[in-house]
Amino acid sequence: MTKENNLKFDSEREYTYISSNNLTGIKSEALSPEELIKFMENGFICRTFKDTIAQFYTEYEKEKREKCEEQEYKGDVKRFLSGKLSDMAQISYDSMSRNVRNWMNGVNVPHREQLFQMCFALELDERRASQLLASISDTGIHYRNPEELVYAFGLRQRMSYGETLQLKNEVMEQYAQNRKPSSSSKENKEVKVYTRQIQRKFLDEVHTVEDLKQFFDENNAVFGKIHEAAYDEFMRMIKLLQNPEADFEAYWMQYLKENTKYTEEERQKEVEKIKQDLKKKSVEEVIEEYLRMYVPQNTSRKNTSEGKRNYTYLQRVIKKNWPSESTISKMKTKEMDVSRKVLLLLFLLTEEFEVSDLINREKEDDIFSDLDDDDEYLNDLGEMEDANDRMERRIVQLNLFLEAYGMNQLDPGSAFDCFVLYALKASYDGAEDNMGERFKSVLKLLFE
Amino acid sequence: MGNIRSLRKNGDKLILGGCTYTIKDVEGCGGNSVVYHAIYNDNLNRELQHEVLIKELYPYHPRGGIYRDENGNISYVSEAEEYMQNCKMRFKQGNEINLRLLQTLPSQISGNVNSYEAYGTYYSVLTVHGGQNLENVLETTDSLSLREAAKIMEKVLDAVEIFHENEMLHLDISPDNIILLPEQAFLIDYNSVWSVSDKHNGVFSFCEKEGYSAPEIRLCDAGKISYATDIYSVCAVFYRILTGNKLTDNEIIRNGLKSSLRANLSIFRGEPNSAVLKAAQIVIKGLQMLPEKRYQSVAALRREFDELLLRIEGKGISHSAIWESSRNIYRKTVHCDTSYILQDIQNSYMMKQISGNELYSDLKDRSKVLLKGSGGMGKTRFMEELWKNNVRQYREAEPVVWFVPLKEYQYTANETAFIRKHLLKHLCFSTESIGTGESLHELEQFFNGKRRGNVNIIFLLDGLNETGTDREKLLREIEELSAKEGVSVLVTERSDEVLTYGLQGFQSVELLPLDQEKVRQETEKMQIPYPADKRMQNLLGNPMMLELYAKVCGLRKDSSETQEEIMSISSPEQLIQLYLGQLLKYQLRVHSGKPGIQLCSKYILNHMLPDIAGEMKKKNKTLLSVDEVYKIAQKNYSNLYKKEFCKTFPEYLGKSRIMLDRIADASEWFDFAIEEHLTGELGLLVKTGNGYYGLVHDNFIKYLTEASEHNRTVYRKRQRRGTILKGTAITGACVILSLSVICILHKTGIISDDKGPSEEEQRILKRAAACMQMNLGIFSGFVSDQKSVLEMDEIEGVLNQDSTAVEEMENRIDIALSKDLDNYSELKPEVRDGLIEISDFPITEYVDLCDAPVDMSDFMESALVDLKEKMCSQDSVYREYEDRKALVEVYEGYLNAYTEFIFYELDYVSNFLLPEQAAEILDANQYSRVFRNYFKTVQIGNQDIESIRRGMESADKKLRAAKAEMLSWNYNIEGVK
């Protein structure tokens, strides 16, 4: 068996002051939704673009010092960014300055191309570049995106942005000419290729320009912007929400067998009736019922005489890229990548519908029946946990979940992620609410 | 350059450190290295060779960036340089770890002879250990047993422990890095080994291996890496062995781990439940997301595997082994197809009601309880329910429940340590635990221990009332056990009388009947009618009666006849009778068209089953051994070939052929009747774990015993009939018509000239009178014979145990017993039918009079034999004068009462005979020794019918009282009048 990717990571988890502060605040006690909002508005420290870029810039300068190289901008990250990016993007310094100011002030965030430019400017390697991208946007380097693959190569090879751009144009032209369609028939027949597999191959095989071109040639058909694994998971969870009781059939049959005197035929009739009542929901109904969560759909930011709202920073951060019916539909048809936000929301919402335990739990096969309420036994299994334990466990599971789909882990410096963290903890504080409901109740308070 | 590594060929020479190695073949290829099997010549004995493994650092590069050149050296292109350097660093690091560990524990680490830099790369010369890579084992072996899996894991833990003891973490534990040898396992590939002391320094690189790497490795969280990280991987390997699959994200992220550990996994099949649970527990805890929730050390995990092995082997006296045995016994012996009805329990001492759960809680905590309740009240069922709840799922913290059916004590010849031996018998012992003495000692230790505040074991001792007569040792054992720290006892009895002299400290609780509300609810649930009759309602407060009632309703749902019968029931025996009757009808219906089987069913239910009950009654036991039951079956079988038996029960006459068509002999009959029918199909017999047979409930004994007695009586009657009357035992054989008697009869108006029976009727009456008179004579003779025993001149001598007198009595008794029913006159069917046709004729009393000699003969056979035993036997316990006198007196009292009753019956019947016949009979009897006193005191012929009836009733009461007296003196006359 060959080993998988060798991982490099620092000896200490990079919990910055921001992350520690926020995590402590959420963990410290059983916050009510009102208290959470209060904390988020007062005690929470949001890791903004400014914080992230400042951190990376500091490391950049440190490396320069260690190499005894000249530090042109001497700690002024704004000037640094304005200067470097204006060259790369070939726009005026002033224009770029404005952009930088907006980013720094949280007015908006840079797009992917600009983020890559920053990576080149900061002379980041592939790994650190992925971290920067993940911190500011939804994901790190997307290894199924051919353009980002070239950028990754450029960063790996320590090429300049210009050189990489040139290479990109060359490779993309070749790619466009030789592009093999990833037809539906092929997708149906073949085993799907996941992004991580592409990533691994890219790490192992691509070391020269020739390697890169050959790589493109060989894997042409599977490039696409869609995270395949994330898409599969997204579809599974959407289906679950559309038809939440579908998998309950076996559960209902068992329940009726144990608690009624129905014959087999009568039980089947009863289950059919139940299925009729729980008809499949449309995507619109799913959005409305589960994903709306009190987040307004309108994008207006000004409080005008017509009464439109002026959103706070917290509201804007949460509202940004909130899934609408249109985005979900596009994700379904693969026109759009499944976003991290959507994946997280669906994870929270479908947790209660994960009925694999119930479905297959035939009593005779179930080793654990009758023991689930036995505290001593749960203790022996290591499953007795207080609210914080459970939150920690859920954090690990959620991070593994995100990591499996090539997305960055939960970040306590992000407001949205903090709400998610709150949902992970609060749902097990003896309250009846599941994670989705708890999340919803916070948003209701935030937006009403 | 290609992308395939070019390996060294067989026969290639490698010179490392001045030694020339010859490559034999490729042992294996990893991502970074190739391992060859090689040999080199011994320096001294050059003809002999050493075998080694040579590990060559030759990282795989897909584009062939690292390659072997034409000189056999490992080279690389510039782009692959960094990668190659990295690999070299890790190879060297791993080598260092290997060597350091070898210094400490040479026998437990894969051997490393020497390492070299040569041919552009690194080489290690390693010792050949043999053995197999675990990955290969799992792929080539169909299935391992749970025991084998546990043994493998123990070896793996030993290997891991080496690292941990040297403050190192392996961090790449997976089946392909485990080499299995017969006695041990080695961990190989040290490239990811990490010193715990280096934790806080610098940047590290580890290998992520799908299905085996802990979350903290996958998430690059160095701060959380600890010994528990290796523990995770070890448990992931165990998971792989158990399920055959690597861990996936579904198990880890979506909490699907428990779902994937099913009891029906092939590795779990046939394994004790407690072992399966332990294996699953190891996986669940070892694969916890948070490192601090897992096992924290190899030692802690090893203890779990040790416990797992104990449970698999089920050896010795351990909590899990006893639980496992209890569960197996429950599954084999308890087959309840009805749901349990909750009943209240009255705590006599505290004067309050408690629930079953509260009682169980007390038992867990340590207590000794006597649960009383009448027959059928549900004591056994209650205990079985407790038992069932306990054996449903193994829980380490809970006591084991051990059920002992005390009726089995009947057959233990009063042994000591019955309960302990009952337990030990079912446990499997290791060869180390030799002899009962040692195992008893282990058991005592178990009894003295507690677990998490609870007792270790709760004994459910069922049926103290069924243990037979000599139970002193049993009581003592129960008292001893209940005094142990780790033992609780719950024993059932019909009453708590035993507490007055035994079972000190036991608290008495009573299982209460079902209240009417519950009875109503249950009848509703069972969809059977709730009876309107109060007696029946009360009867159904007894759960067993309720169950029987439900069965009766179930057998004939639509029968209105059944409904009527049910409504008339007022006693348990009646309900049992009805149930058995309905059961028979049901069997007949089921086997409709098969007359042979139908007859067999009838025979089994009407004869065999009562005989079994009769035998139990006779032996005063509630269980019969196989031999005893076989004897009954044998007798039963042979009866079908006896003419007399079949004439007595003519439904079987000439039917043996069709009944026993497929039954060759008595043993086949035993199988058919006892095993298949009574035990199997009908469930009326129950077989204990020791192979004894008991009735489904001992409440059936009384009714069935009576049925058995009735059968025997009828049969005996038959045996004494049908022979020619010879000689006479009638005193005053000449029939002399006495005018005075006739006058008396006329005075009473009994004889009337107004009505006259028809000629036919007269003829019938005449014959009837003759028959009755003949039999009364025999009756008198029997009574007279007995009186001659009781009133013998030497009776005082007998009472004083004078041997001569006793001998005389013995002789007289033998003489009396030698008399038979040779002269008995059988009532012909046409006479009986004729009498029935005569209006108002008292046929019952008449038949009773005709049967009087037979009844008396039966009585004599029991009572006289008893008398002889009591008065004449050397072993008799009746030594006291007063006792012996009382025995004689009660016997005589019974005879007198019987005679008086017969007299009144005679008086009564005579009123319905023709005058001349009546006169004849009365005349004949007035001089008999037996009746003459009555003729003196009672104005026979002078009384009206009502007076005679009153006389009869009074005589009947006296007779019953006399019988009770005799029974109280242990005369065995249960079945007689």
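The values are calculated or read from the model by the stated rules, or taken from the named source; none is laboratory data. Small disclaimer: the values here were computed from a predicted structure and weren't measured. Cβ sites come from the backbone with ideal geometry, for glycine too, and all protein chains shown count toward neighbours. Accessible surface areas use protein heavy atoms only, side chains included; no ligands, DNA or RNA. Shrake-Rupley method; radii C 1.70, N 1.55, O 1.52, S 1.80 Å.
Would you confirm, using the coordinates I've provided, whether B:V234 is within 20 Å of A:E383 (Cβ to Cβ) and more than 9 Å from chain A (Cβ to nearest Cβ)? So B:V234 passes the test.
Could you tell me whether any residue of segment B:283-295 is surrounded by fewer than 21 Cβ atoms within 10 Å (Cβ to Cβ), in contact with a strand residue (DSSP E or B) (Cβ under 6 Å, 6 or more places away or on another chain), facing chain A (nearest Cβ under 9 Å) and not hydroxyl-bearing (S, T, Y)? No, there is no match, as no residue in segment B:283-295 is surrounded by fewer than 21 Cβ atoms within 10 Å (Cβ to Cβ), in contact with a strand residue (DSSP E or B) (Cβ under 6 Å, 6 or more places away or on another chain), facing chain A (nearest Cβ under 9 Å) and not hydroxyl-bearing (S, T, Y). The sole residue among B:Y360, B:Y394, B:Y330, B:Y349 that is open to solvent by 50 Å² or more (accessible area, probe 1.4 Å) and not in a strand (DSSP E or B) is B:Y349. Is segment B:113-124 home to any residue that is surrounded by fewer than 17 Cβ atoms within 10 Å (Cβ to Cβ), away from every other protein chain (no Cβ under 14 Å) and of a type in the set (S, T, N, Q)? Yes: segment B:113-124 contains one or more residues that are surrounded by fewer than 17 Cβ atoms within 10 Å (Cβ to Cβ), away from every other protein chain (no Cβ under 14 Å) and of a type in the set (S, T, N, Q). Looking across segment B:538-571 at every residue that is surrounded by fewer than 18 Cβ atoms within 10 Å (Cβ to Cβ) and outside any helix (DSSP H, G or I), the one that is modelled with the highest pLDDT is identified as B:G541. Test B:G256 against the stated conditions and say whether it is away from chain A (no Cβ under 11 Å), surrounded by fewer than 22 Cβ atoms within 10 Å (Cβ to Cβ) and out of contact with any strand residue (DSSP E or B) (no Cβ under 9 Å at 6 or more places or on another chain). No. A:E148 satisfies every condition listed in (1) part of a helix (DSSP H, G or I); (2) more than 23 Å from A:V338 (Cβ to Cβ) except (2). Restricting segment A:378-408 to residues that are part of a helix (DSSP H, G or I), more than 27 Å from the chain's Cα centre (by Cα) and facing chain B (nearest Cβ under 8 Å), the residue that is nearest to A:Q131 (Cα to Cα) is A:L381. Looking only at residues that are in contact with a Cys (Cβ under 6 Å, 6 or more places away or on another chain) and in a loop (DSSP other than H, G, I, E, B) in segment B:26-75, which one is modelled with the highest pLDDT? Across segment B:26-75, the extreme among qualifying residues is B:P59.
Within segment B:589-602, the set of residues being open to solvent by less than 50 Å² (accessible area, probe 1.4 Å) and in contact (Cβ under 8 Å) with a residue 60 or more places away in the chain comprises B:G596, B:L599, B:C600, B:S601.
Taken as a whole, the structure places B:G211 among residues that are open to solvent by less than 30 Å² (accessible area, probe 1.4 Å), touching a Leu at 6+ places or on another chain (Cβ under 6 Å) and closer than 18 Å to B:R294 by Cα. Just to be sure, is B:E676 out of contact with any helix residue (DSSP H, G or I) (no Cβ under 9 Å at 6 or more places or on another chain), of a type outside the set (V, I, T) and not in a loop (DSSP other than H, G, I, E, B)? Against the criterion (out of contact with any helix residue (DSSP H, G or I) (no Cβ under 9 Å at 6 or more places or on another chain), of a type outside the set (V, I, T) and not in a loop (DSSP other than H, G, I, E, B)), B:E676 qualifies.
Look at segment A:203-214: where a residue is more than 9 Å from every other protein chain (Cβ to nearest Cβ) and a partner is open to solvent by less than 30 Å² (accessible area, probe 1.4 Å), sitting 6+ places away or on another chain with Cβ atoms under 7 Å, you get A:V209/A:L167; A:L212/A:F153; A:L212/A:V171; A:L212/A:V206; A:K213/A:V171. Report yes if A:H142 is at pLDDT below 90, of a type outside the set (A, V, I, L, M, F, W, C) and open to solvent by less than 20 Å² (accessible area, probe 1.4 Å), otherwise no. So A:H142 passes the test. When residues in segment A:100-137 are screened for being hydroxyl-bearing (S, T, Y) and outside any helix (DSSP H, G or I), 1 of them pass. Could you list, in sequence order, all residues of segment B:29-54 that are open to solvent by less than 40 Å² (accessible area, probe 1.4 Å) and among the basic types (K, R)? If the condition is that a residue be open to solvent by less than 40 Å² (accessible area, probe 1.4 Å) and among the basic types (K, R), then no residue fits. In segment B:237-246, the count of residues that are buried (at least 20 other Cβ atoms within 10 Å of the Cβ), within 18 Å of A:N399 (Cβ to Cβ) and either touching a helix residue (DSSP H, G or I) at 6+ places or on another chain (Cβ under 7 Å) or more than 10 Å from every other protein chain (Cβ to nearest Cβ) (or both) is zero.
When B:L146 is tested against the conditions (1) buried (at least 19 other Cβ atoms within 10 Å of the Cβ); (2) farther than 30 Å from B:F268 by Cα, the lone failure is (2).
Screening the candidates A:E266, A:E228 for the property of being modelled with pLDDT of 70 or more and either out of contact with any Lys or Arg (no Cβ under 6 Å at 6 or more places or on another chain) or farther than 24 Å from A:V342 by Cα (or both) yields one hit, A:E266. Being over 24 Å from B:F91 (Cβ atoms), surrounded by 17 or more Cβ atoms within 10 Å (Cβ to Cβ) and either more than 11 Å from chain A (Cβ to nearest Cβ) or of a type in the set (A, V, I, L, M) (or both): is that true of B:M168 here? Spelling it out, it is not the case that B:M168 is over 24 Å from B:F91 (Cβ atoms), surrounded by 17 or more Cβ atoms within 10 Å (Cβ to Cβ) and either more than 11 Å from chain A (Cβ to nearest Cβ) or of a type in the set (A, V, I, L, M) (or both). Of the residues B:E251, B:E304, B:E292, B:E271, the single one that is under 14 Å from B:Y239 (Cα atoms) and acidic (D, E) is B:E251. Screening B:V334 against (1) within 22 Å of the chain's Cα centre (by Cα); (2) within 14 Å of chain A (Cβ to nearest Cβ) leaves a single unmet condition, (2).
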